[in-house]
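Quick notes on the structure that follows.
The values are calculated or read from the model by the stated rules, or taken from the named source; none is laboratory data. Computed from a predicted model, the values in this text were never measured in an experiment. Cβ placement follows ideal geometry from the backbone for every residue including glycine, while neighbour counts extend to all protein chains displayed.
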Ligand code: GLC
């Protein structure tokens, strides 16, 4: 089967979040299982020069977007066995920064239309167009309105994947006319609450919708999680599926990872003990092997649940733990963790920014890994933590619920809590610290965690079934 995976970011070329990991690992896994899955993304100015060198120019063509008629260059590169296509337009993508520009509505509408136009210029006719998040929401709309009757475009099926429903691409209704250029009678596809909503358009016009965990697929039908689209989705439940993401087992492997100081396996954890000591030294934490080192690697956004820690104030430090935090985002959380660090030097360290190397050293050097998210469509960090033998402590939401089970029950691999409540979280951390105090049992838990299979192969199989069903 031929699958074209349209996405606004993909590792290694450009990454701001988990979406980029999925855009790399899922196509790779599909290709390994014999499908022809290719990725298409914008050619951003921010793509590093050494990666740019891998690209070769294929051709160029024009893209019509409303009254506009724009240049688009088509480049391609092969990386890790997967073909990546890049769509080039200097005006839209030749600037620093990938999201948050005032003309994002136009930039990603251009990208969406260019993906469809590019199909005529590739030696690749997809059976499935797998679209991801609001930036590609217009693709199923454009396909139905402008392309499906064109020669070479017949019988393409569209799948729209929701990675996070909080970001919908909401604009004024004029976007439907001036930017998307939809005929009046078709504008209702993108219209939502008096405005133009790209994600709603994608959901409305695609053949199937999927999201990144079974629990999240249920949650977004509920007003608490649905961000205004819950009712609309409930009516389209028949075409909604939840498929749990995986992680790239090769990229995250403590046995070979060059980013960590001492490699290790579940059978021989001595390297992990040394990684903990090295991390403590690196971050200026007390060299105390008895303190349970809790790692946090996250964007510091409100839905990540750090309000729960903030609510406890210094209370969380009553436990015999150390905290290693790596992240950046909203100032309130940065300030909170920095304050904690000042009050507990040697026990708390906050590093601002995004440093993939340090992130891996935190996974490897931590005993436990905290993710108290208020909502989490899938979350990849808990899976990485498991792989590196850091016991995840998570709230039971979205993909966290689907990948972490409490050690108090059957098949446990972490600690979980249900309600979005600071003391429930504290209780889970406490139970984790109690297990840590019993080193023999703790070691067994770490080994179990490291043996969990969160590789992509399982999920890729489910995607293949979905594609097949769509193709009919
Ligand atoms: C988004 C979600 C995250 C998910 C990722 C990949 O970033 O917030 O939970 O893991 O997409 O699907």
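Structure notes:
- Complete set of residues in segment 320-336 that are assigned to a helix (DSSP H, G or I) and under 24 Å from the mean Cα position of the chain (by Cα): 331, 332, 333, 334
- Entry remark, segment 229-250: residues being within 16 Å of the ligand (Cβ to nearest atom), in a loop (DSSP other than H, G, I, E, B) and either under 13 Å from residue 363 (Cα atoms) or modelled with pLDDT of 95 or more (or both) number 5 in total.
- Residue within segment 10-28 that is closer than 30 Å to residue 210 by Cα, at pLDDT 95 or above, touching a helix residue (DSSP H, G or I) at 6+ places or on another chain (Cβ under 6 Å) and assigned to a strand (DSSP E or B) present: yes
- Residue within segment 164-177 that is part of a strand (DSSP E or B) and either within 16 Å of the ligand (Cβ to nearest atom) or modelled with pLDDT of 95 or more (or both) present: yes
- For segment 278-304, a residue qualifies if it is surrounded by 16 or more Cβ atoms within 10 Å (Cβ to Cβ), more than 16 Å from the ligand (Cβ to nearest atom) and either free of Cβ contacts under 8 Å to residues at least 60 places away in the same chain or not in a loop (DSSP other than H, G, I, E, B) (or both), and the qualifying residues are 278, 279, 280, 282, 283, 291, 292, 293, 294, 295.
- Verdict on residue 307 being modelled with pLDDT under 95 and either under 26 Å from residue 434 (Cα atoms) or away from the ligand (no atom under 16 Å from the Cβ) (or both): no
- Of the helices (runs of 4 or more DSSP H) lying entirely inside segment 35-153, not one carries at least 3 residues that are without any contact (Cβ under 8 Å) to a residue 40 or more places away in the chain, under 25 Å from the mean Cα position of the chain (by Cα) and crowded, with 18+ Cβ neighbours inside 10 Å.
- Matching option when the condition is within 16 Å of the ligand (Cβ to nearest atom) and at pLDDT 95 or above, among 389, 412, 398: 398
- Test: residue 309 is surrounded by 22 or more Cβ atoms within 10 Å (Cβ to Cβ) and in a loop (DSSP other than H, G, I, E, B): no
- In segment 344-370, the qualifying residues are those that are within 16 Å of the ligand (Cβ to nearest atom) and surrounded by 24 or more Cβ atoms within 10 Å (Cβ to Cβ), and the one that is farthest from residue 322 (Cα to Cα) is 363.
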